[in-house]
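> Before I ask anything, let me first share the structure, which is written out below as structure tokens.
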Amino acid sequence: MRPPLRNAVSAALIALACLLVPFGVLAAWATYGRNAELPRLRHQLTDPYVPFEVAGFWLPVTALVLAAAGITVAVCRRSAVTATSLGTALGGAFLGLSVALGRHLTLSDLHRARRPAAGAIYDALTATLRTVSWLLVALGLTAACATWLTAVYARRRRASAAPVPDPAVRPTRARA
């Protein structure tokens, strides 16, 4: 496979993986938050949370597999890891922004007297999402910084390991 094609396939896989990250977190939050608070109705066909239960497990797994495949296919794996980690951080930021926007839209339609109570309930229900979004941002930026630092270290190591050419010997005049 040609390098440009490998890079294009890698970029597509990594982009798809990074797009799945926030949706996988949302689906997992909907599934496990529901299971902790409400009685289990998993095996009923009328249960509207069954798709969330399936997506809560398979979306993160799919994102991980796609990211690994994108990194494996890439010509320059260090750049692919950097792109994946930055995409993960961007997905986490998108998730955090979505939670904040959802809070604003939810509370804007309520009467002023009910906003503090509704805000407290909204914050309690979405605390895990906010934590995970910050965790994704921090983890993605940390991985991007780590790959950048390893690239700098590798460049310096290669430069110091290169053989130094002998200085040119100046011709001298011999006097007779």
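Results for (1) at pLDDT below 85; (2) in contact with a helix residue (DSSP H, G or I) (Cβ under 8 Å, 6 or more places away or on another chain), shown as yes or no for each residue.
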{"residue": "Pro60", "(1), (2)": "yes, yes"}
{"residue": "Leu64", "(1), (2)": "yes, yes"}
{"residue": "Val75", "(1), (2)": "yes, yes"}
{"residue": "Ser85", "(1), (2)": "no, yes"}
{"residue": "Ala93", "(1), (2)": "no, yes"}
{"residue": "His104", "(1), (2)": "no, no"}
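> Only one of these is over 26 Å from Thr62 (Cβ atoms) and touching an Asp or Glu at 6+ places or on another chain (Cβ under 9 Å): Arg103, Arg155. Name it.
One residue alone meets the criteria, Arg103.
> I would also like to ask the following. Being open to solvent by less than 50 Å² (accessible area, probe 1.4 Å), of a type outside the set (Ser, Thr, Tyr), part of a helix (DSSP H, G or I) and more than 28 Å from Gly70 (Cα to Cα), is that true of even one residue in region 107-117?
yes
> Right, next: Could you identify the single residue in Val137, Val132 that is modelled with pLDDT of 90 or more, in contact with a helix residue (DSSP H, G or I) (Cβ under 7 Å, 6 or more places away or on another chain), under 23 Å from Ala67 (Cα atoms) and not small (Gly, Ala, Ser)?
When all the criteria are applied, what remains is Val137.
> Okay, moving on. Note down all Cβ pairs under 8 Å where the first residue falls in region 137-161 and is in contact (Cβ under 8 Å) with a residue 12 or more places away in the chain and open to solvent by 100 Å² or more (accessible area, probe 1.4 Å), the second is among the small types (Gly, Ala, Ser) and in a helix (DSSP H, G or I), and they're at least six residues apart or on different chains.
Matching pairs, first to second residue: Leu139/Ser85; Leu139/Ala89; Leu139/Gly92.
> Quick one: would you say Arg130 is of a type in the set (Lys, Arg), in a helix (DSSP H, G or I) and either in contact (Cβ under 8 Å) with a residue 60 or more places away in the chain or over 30 Å from Ala12 (Cα atoms) (or both)?
So Arg130 fails the test.
The values are calculated or read from the model by the stated rules, or taken from the named source; none is laboratory data. These numbers come from a predicted model, not from an experiment. For neighbour counting, all protein chains shown are included, and Cβ atoms are generated from backbone atoms with ideal geometry for every residue, glycine included. For accessibility, only protein heavy atoms count, side chains too; no ligands or nucleic acids. Shrake-Rupley method; radii C 1.70, N 1.55, O 1.52, S 1.80 Å.
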